[in-house]
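What follows is one structure encoded as C-alpha cells, with my remarks underneath.
The values are calculated or read from the model by the stated rules, or taken from the named source; none is laboratory data. Since this is a predicted model, take the numbers as computed values, not measurements. Virtual Cβ from ideal backbone geometry, glycine too; neighbours counted across all protein chains shown.
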Amino acid sequence: MSEIEGIYAIWLREAKIYMREKERVISSIVSPLLWIFAFGAGVGSTIETVQGYSYQIFIYPGIVVMTVLFASLFYGVYIIWDRKLDFLKEVLVAPVSRASVFAGKVLGGATDAMIQVVFLLIIGLFISVPLTPIVIINAFLMLLLISIAMVSIGLVIGANLKSPEGFTLVINFVMWPMFFFSGALFPVSNLSGWLSVVTFINPLTYGVDAVRGIILGPHQFPIFLDVAMMLLFSLIAMSIGVLSFRRM
Amino acid sequence: MHTKTEGSFSREPVVIKTEALTRKYGKISAVDSMNLEVKEGEIFGLLGPNGAGKTTLISMLCTILKPTSGRAWVNGFDIVKEPGKVRKSIGIVFQAPSVDDLLTGLENLQMHNLLFGVPREIRKQRIQEVLSIVNLEKRADDLVNTYSGGMRRRLELARGIMHHPKILFLDEPTLGLDPQTREHIWEYISDLAVKECMTVMLTTHYMEEAESLCDRIAIIDYGKIVVLDSPSELKNQIVTDVVKLKPRIPDTEELKKLEYVRKIEEKDGLLYISIKDASKHLQDLLTHTGPIDFVEVRSGTLNDVFMHYTGREIREAEAEGGFWERMMKK
C-alpha cells in the first residue's frame, strides 16, 4: 500500500511539473509537426505512394513513434537535474523501495510522452489518417509500451551520468540510430544486407511496425511478435533501471 | 528554550550508535573508525571544519551512503541491513535545499506525506500543524520558487518533522539565514525535542548555535572525534576569560600567586590576565591590582574551544556537497 502511494506521489510530482513547464509541452510538439508537414509533404511530392499511402500518411505512424522515442529518452535528463538540485535526496531517503521510485519515474515520463501522443493523434485526424476509436485505443496502448521501454533506457543513462551535457551526448548516440534504423521513414520489407540486419536487431523496428500495422494496415511482422519483442525489451530495460536506481 | 540536563543521560536509551564506522574516498578517510553514542531526547551537535566528515557521517546514518567498514544503528536498526526501517524512523533537513521549486509548499508536504506513509486520516491535520509551527500557512499555496531562502528552510524543517520522526538530522539547518529566522528555527528545534521527545543530530558552523541548542557536542576533524562533551564542560576545560586592565602600579608578581590566574601578558602598559572564571573572580582580582584606570573583560567562547582543537589554518574547500564528493558518491 505504502509502495503504491510512493509510486503515486512520484508520478503526481512529475505530471504536475510537466504541465507547469509550458515550454516543455510546446517544444515537444514542434518537431513532429516539421517532420509531417515539411519533410513528409516535401519528400512526398517526389514520391507517388508507399504501400498504397501518400508518403506523408505513410510516415505518420513513424513520426508518432519518433515523438514518443525522443520525449521518453530525453526524460532521463531530469533525473540528473533532480540530483543537481538535490531534490532527489528527499526521494532517496524516503522509506519507499528503489523499484517504486523507478516505477513512479517511468510512469511520469510515459505520461509526458502520451500527452504529446494525444496532440499528434488530433493532428492525424486533420490530415485524414484513418483513425477509428478502436485504432486509437490500440495505437495508444502500443505507444505506451514503447514509451515505458524508452523512458527506462533514458533513466538508466540518466542514473549513471553526472552532467546534463554528457547525457545529451550519450542520448544522441542512442536516439538517432534507433530512429533511422527503425523503418519510421521507409518500409523495412525490401532492404538489403547490413541495413536489414541492423533494422531487425533494433527493438524500435517492432514498435514502428506494430503502430503502422494498427493505424494503416501494412506490417512486416505478426503483431504478436511485435508486442512480444517490445515487452521483452521493456522488461530488460526496466530491470537494468531498477538496478541502476539501487546503486544511486 | 530547551533545558540542559548534563550528566543525566545515562538512564536514557541509546538511539544512535556507531562502531568503528568508516567511509573512505580512495585513500582519504572522510569518516575514520568513529565510535559514537547518542541518547534519546538529546540534541547532539557535530562541529568541525569544512571537509571534516560531518555530512559524510550524517549521509551514512541516513542510509544514502554506504559505509566502507564498521557498523551503525539508528533507532535500533542496522543502517546497512535495515535501511527501510531506519528511513521510517528519521527526518532530514539537508544542507542544500531539496524542496521542489515548481510545486507549492503544500504540494511538497503532501508528497512527503505519501512518501513517508503518513496515515490518510491524519495527513491534513499534520500539514496544518507543521505549517503553523514554521509560520507558512499564508504562503502554503504559492510555488516554492517564490519563497525566500529562509522560507524554504522553514518549509524543509516542516517537512522533516511532519511524519514525527524519532530522530531528526539537520545538516546546517540555519546556513545563510538572517539572525531573526535563525533564532526562530532554534526555538522550533528545541521545542520539538522536548515536546516530541525527539532526538536531534545537527551539524553547524555557528558556535552560538551549538552552544545554545546542544546538550552535547562532538568536535570532529579529519574524520575522527577530537573531543565530545557538553558545551559548558568543553569551555571549562579549555577556555579562560581574559581581563584586560591598566593598573596605576604595575605589579604582576603578587597577581601571579593567585590560584585562578593562568597567564599574564604585558603589552604597552596594559595587562592581559587570563583567569579561570571572570564572573566569579573579577572582584577579588581587582583588590589585588590596586587602583586601575581601565578594565575590560572578554569571556571565552566555544569558538576558542573549536580553535584549540582544530587549529587555525583554513582548510581546502573540497567541502561537503562539492563537486568531487558528488562525483565519488557512487
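Take the residues in the stretch A:61-92 that are within 17 Å of A:ALA113 (Cβ to Cβ) and among the aromatic types (Phe, Trp, Tyr), then tell me which one is surrounded by the most Cβ atoms within 10 Å (Cβ to Cβ).
A:TYR75
Table: residues versus (1) surrounded by fewer than 18 Cβ atoms within 10 Å (Cβ to Cβ); (2) within 14 Å of chain A (Cβ to nearest Cβ); (3) out of contact with any His (no Cβ under 7 Å at 6 or more places or on another chain); (4) at pLDDT 90 or above.
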{"position": "B:ILE64", "(1), (2), (3), (4)": "no, yes, yes, no"}
{"position": "B:ASN75", "(1), (2), (3), (4)": "no, yes, yes, yes"}
{"position": "B:LEU109", "(1), (2), (3), (4)": "no, yes, yes, yes"}
{"position": "B:LEU143", "(1), (2), (3), (4)": "yes, yes, yes, yes"}
- Residues satisfying the stated conditions in the stretch B:86-107, i.e. facing chain A (nearest Cβ under 8 Å) and closer than 30 Å to B:ARG23 by Cα: B:ARG87, B:LYS88, B:ILE90, B:ILE92, B:PHE94, B:ALA96, B:PRO97, B:SER98, B:VAL99, B:ASP100
- If we scan the stretch A:135-147, do we find a residue that is touching a Ser or Thr at 6+ places or on another chain (Cβ under 6 Å), closer than 28 Å to A:ILE214 by Cα and assigned to a helix (DSSP H, G or I)? yes
- Message: Tell me the residue from A:GLY109, A:GLY104, A:GLY124 that is in a helix (DSSP H, G or I) and under 30 Å from B:PHE169 (Cβ atoms), please.
- Response: A:GLY104
- In the stretch A:75-102, which residues are under 22 Å from B:GLU82 (Cα atoms) and among the small types (Gly, Ala, Ser)? A:ALA94, A:SER97, A:ALA99, A:SER100
- Taking B:VAL80, is it touching a strand residue (DSSP E or B) at 6+ places or on another chain (Cβ under 8 Å), more than 9 Å from chain A (Cβ to nearest Cβ), closer than 30 Å to B:THR146 by Cβ and not aromatic (Phe, Trp, Tyr)? no
- Query: Can you name every residue in the stretch B:28-56 that is within 13 Å of the chain's Cα centre (by Cα) and outside any strand (DSSP E or B)?
  - Reply: B:GLU42, B:GLY48, B:PRO49, B:LYS54, B:THR55
- Query: If you go through the stretch B:77-99 one residue at a time, how many are of a type in the set (D, E, K, R) and surrounded by 22 or more Cβ atoms within 10 Å (Cβ to Cβ)?
  - Reply: 1
- Is at least one residue of the stretch A:15-38 touching a strand residue (DSSP E or B) at 6+ places or on another chain (Cβ under 8 Å) and touching a residue at least 40 places away in the same chain (Cβ under 8 Å)? no
- What helices (runs of 4 or more DSSP H) completely inside the stretch B:221-319 contain at least 1 residues that are surrounded by fewer than 17 Cβ atoms within 10 Å (Cβ to Cβ) and under 36 Å from the mean Cα position of the chain (by Cα)? B:231-238, B:278-289, B:302-310
- Out of (1) within 14 Å of chain A (Cβ to nearest Cβ); (2) surrounded by fewer than 21 Cβ atoms within 10 Å (Cβ to Cβ); (3) in a helix (DSSP H, G or I), the odd one out for B:ARG159 is which? (2)
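Please work out which residue is farthest from the other protein chains (Cβ to nearest Cβ), limiting yourself to the stretch A:50-92 and to residues that are assigned to a helix (DSSP H, G or I) and more than 24 Å from the chain's Cα centre (by Cα). Give the derivation first.
As a first pass, look at the stretch A:50-92 and keep what is assigned to a helix (DSSP H, G or I): A:55-74, A:77-84, A:87-92.
Narrowing further to those that are more than 24 Å from the chain's Cα centre (by Cα): A:84, A:87, A:89-92.
Working: A:LYS84: 9, A:PHE87: 5, A:LYS89: 5, A:GLU90: 5, A:VAL91: 7, A:LEU92: 6 Å.
This residue is A:LYS84.
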- Task: Give me a count of the residues in the stretch B:201-219 that are under 9 Å from the mean Cα position of the chain (by Cα) and either closer than 18 Å to B:MET162 by Cα or of a type in the set (S, T, N, Q) (or both).
- Result: 4
- Message: Taking the conditions exactly as written (small (Gly, Ala, Ser) and over 23 Å from A:VAL96 (Cα atoms)), does A:GLY44 satisfy them or not?
- Response: yes
- Task: Could you list all residues from the stretch A:54-92 that are free of Cβ contacts under 8 Å to residues at least 60 places away in the same chain and in contact with a strand residue (DSSP E or B) (Cβ under 9 Å, 6 or more places away or on another chain)?
- Result: A:LYS89, A:GLU90
- Kindly indicate whether A:PRO95 is assigned to a loop (DSSP other than H, G, I, E, B) and either crowded, with 17+ Cβ neighbours inside 10 Å or touching a residue at least 24 places away in the same chain (Cβ under 8 Å) (or both). yes
- With respect to the numbered conditions (1) in contact (Cβ under 8 Å) with a residue 12 or more places away in the chain; (2) more than 9 Å from chain A (Cβ to nearest Cβ); (3) closer than 19 Å to B:TYR188 by Cβ, which one is the sole condition not fulfilled by B:SER132? (1)
- Message: Let me confirm something: among B:GLU196, B:GLU253, which residue is at pLDDT below 85, outside the structural domain of B:LYS124 (by TED's automatic domain parsing), out of contact with any Leu (no Cβ under 8 Å at 6 or more places or on another chain) and over 18 Å from B:ASP304 (Cβ atoms)?
- Response: B:GLU253
